[in-house]
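Undergrad: Here it is: the structure, laid out below.
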Amino acid sequence: MKRNIKTVHYLGSKIRMLPEIKKCIDELNHTGGRVCDLFSGSGVVSEFLLQQYDILAVDIQKYSSVYCKARLTGGIQEIDSKKLELEIKESISRKTLLDKFKPILEYESKGMEKLSYGHIETIYEIIEKGSLYAYLGNYDYADGILSCALRKVFSDVKNMLGEEMNSVDSTITRYYGGLYFSFRQAIDIDAIATYAFRQEEPLKSKLLAALMGATTDVVNTVGKQFAQPLKIRNADGSLKTNLVKKIKTDRELDVFDKFNTWLQYYMKIPQNKHDFKVVCDDYANVLKNLSPGEVEVVYADPPYTRYHYSRYYHILETLCLHDTPSISTTFPNGKGGLSRAIYRNDRHQSPFCIKSKAPEAFENLFKYAKKAQASVVLSYSPFDKASGVTPRLLSIEEILQIARKYYEKVEVISPGQFMHSRFNKLDNNYEINYEAERLIICRK
C-alpha cells in the first residue's frame, strides 16, 4: 500500500499539494530545523514532511493525535494480524455485546432480509430512530415515536444490558448503532476499540487508526462522513426507495476485513530517522509556549468557513476518547430532543469558524509564531461568489493585513489548481473547485 494516502474522507485534504507545501518550507528552512504542522488533521502533511524534518504535529482533536502517532511511528513487524483478529472476535467483551444485543441483532437481520424484497420500513426506522441511547434516555424524536415492534426490541435489550448500560465498551453500539452502522458493525467497532485501549503505545494508536479507517469505510452515510445519518424521507414524508442499494452495500460490509486492510498499512510504515512529537492542544497554547527558535517553520491549514470540522468526525473523536459523552440537544418545532446526528455536547468549536472570533484567531497565530521566531506557511482558499461555495469568514486581503502587522516579508503564491471535498446535500461529496489554493508565506 502506498504512503501518504487518504485515510479518512477529510475536508480540504492536502494530499495533492504536498510537494508544493514542502517546496515552500524547504525554501524557508535553511537550517533544516523542526517544522510545526499546526492543524495536523489526519497527519498527511506531517507524514510527508517527516521524511526530511523533525516534526511537531498539533491538533486539538484527540482523533488527530491518534492518526499522527500511527502515521509517524514506524511499523510493528512482529504483529500477527490474523491472530489478533481471532483474539478480538473471541474476546469476552465482544461475546458479551453479541449476547446483550441479541434481540436487536435478530430484528435488524430480519429487516435486512425484508429489504431485499422491497419491504423497507423496518430498516428505515432503525436508521431514522434506532439510537438505543435515545431510547434509554427517554429522549423524544422529532419525527414521532418508535413503532411498537422496535420499542419492544429496545425494551428487551435494556433488560439484558445490566452493567453494560453505561459502559464505555458499548458506546458506539448504544449511541450510533442503527443510525450510522448496522448493530453488528457497531459491536465489532466497540470490540476492537476495547481491545485497543488495553494495549500500550505504539500498538494502541496503530489499532485505533486502523479502526478509524474501517469505521469510515463501513459508515452508511452520504460521502462516508459522520455529520449526520442518512435522510431517509422525501420532502413529502415518503421513504426514499433509491437508498436501498446503498443501505444494503454499506451495512453488509465486514468491519474486520476493513480493519485488517488498514492495519497492514499502519504496521508497514517505514522507520524514519527524524524525530516527531504529537501534541493534542489548542493551536494558540502551543504557539505561545514555544521557545524562540524551537521550530523553524509553522505550517498552518486552519478552517476556512463557518462549518466546524468537528461535526464531520465526532464519532472518530468518541472512538479515540473511549468515553460515554453527553449529547447535544436541539429544539425542533419548539420541542426538546437530541441532535439528529448524536453530536457530542463538548464538540470542538473552532474560533476560525466563528465570524466574530476569526480575526483574533489569525492575530494570535501570526503574533505567537513571530514571537517564536518562526516563519509561516499558511494554506487558504479564496472565495469566488460565482463558484457557489461557502463564503470564507475572512478574505485573503484581510488575512494579509493581519500578517503584515507581525511580518515584514509577506507574499501570496498560487501552487496550482486544486480540488477539495465538501459534504453537503448540494454536491453529495463530489470534488468541487475551490478556485486556486493559495499559500501565504511569512518570512521571519
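The values are calculated or read from the model by the stated rules, or taken from the named source; none is laboratory data. Since the model is a prediction, treat every value here as computed from it, not as a measurement. Glycine gets a Cβ as well: all are built from the backbone with ideal geometry, and neighbour counts include every protein chain shown. Accessible surface is based on the protein model in full, side chains and every heavy atom, while ligands, DNA and RNA are left aside. Shrake-Rupley method; radii C 1.70, N 1.55, O 1.52, S 1.80 Å.
Undergrad: List the number of the failed condition for Leu179; all other conditions in (1) at pLDDT 95 or above; (2) outside any helix (DSSP H, G or I); (3) loosely packed, with under 13 Cβ neighbours inside 10 Å hold.
TA: (3)
Undergrad: In addition: Determine which single condition Asn234 fails, assuming it passes every other condition in (1) in contact (Cβ under 8 Å) with a residue 24 or more places away in the chain; (2) open to solvent by 10 Å² or more (accessible area, probe 1.4 Å); (3) polar (S, T, N, Q).
TA: (1)
Undergrad: Take Ala209 and decide whether it is closer than 28 Å to Glu78 by Cα, open to solvent by less than 10 Å² (accessible area, probe 1.4 Å) and of a type outside the set (Phe, Trp, Tyr). Break it down stepwise before answering.
TA: Numbers: closer than 28 Å to Glu78 by Cα: yes; open to solvent by less than 10 Å² (accessible area, probe 1.4 Å): yes; of a type outside the set (Phe, Trp, Tyr): yes.
Here the answer is yes, as Ala209 does meet what is asked.
Undergrad: Further question: Would you mind stating whether Phe362 is within 25 Å of the chain's Cα centre (by Cα), modelled with pLDDT of 95 or more, open to solvent by less than 50 Å² (accessible area, probe 1.4 Å) and of a type in the set (Phe, Trp, Tyr)?
TA: In short, yes.
Undergrad: Six or more apart or on different chains, Cβ under 6 Å: which pairs go from a residue in segment 263-279 that's touching a residue at least 40 places away in the same chain (Cβ under 8 Å) to one that's in a helix (DSSP H, G or I) and among the polar types (S, T, N, Q)? Could you list them?
TA: What qualifies is Leu263/Ser81; Val278/Ser65.
Undergrad: Please go through segment 335-359 and give me each residue that is polar (S, T, N, Q) and open to solvent by less than 10 Å² (accessible area, probe 1.4 Å), ordered by number. Don't jump to the end; show me each part of the working.
TA: Kept after step one, since they are polar (S, T, N, Q), are these residues of segment 335-359: 339, 345, 349-350, 356.
Ser339 - this is the single residue of segment 335-359 that is polar (S, T, N, Q) and open to solvent by less than 10 Å² (accessible area, probe 1.4 Å).
Undergrad: Then there is this: Have a look at Lys258, Lys277, Lys246, Lys204 and point out the one that is within 22 Å of the chain's Cα centre (by Cα), in a helix (DSSP H, G or I) and more than 25 Å from Ile123 (Cβ to Cβ). Give the derivation first.
TA: On the way: Lys258 fails: more than 25 Å from Ile123 (Cβ to Cβ); Lys277 fails: in a helix (DSSP H, G or I); Lys246 fails: more than 25 Å from Ile123 (Cβ to Cβ).
Going through Lys258, Lys277, Lys246, Lys204 in turn, the sole match is Lys204.
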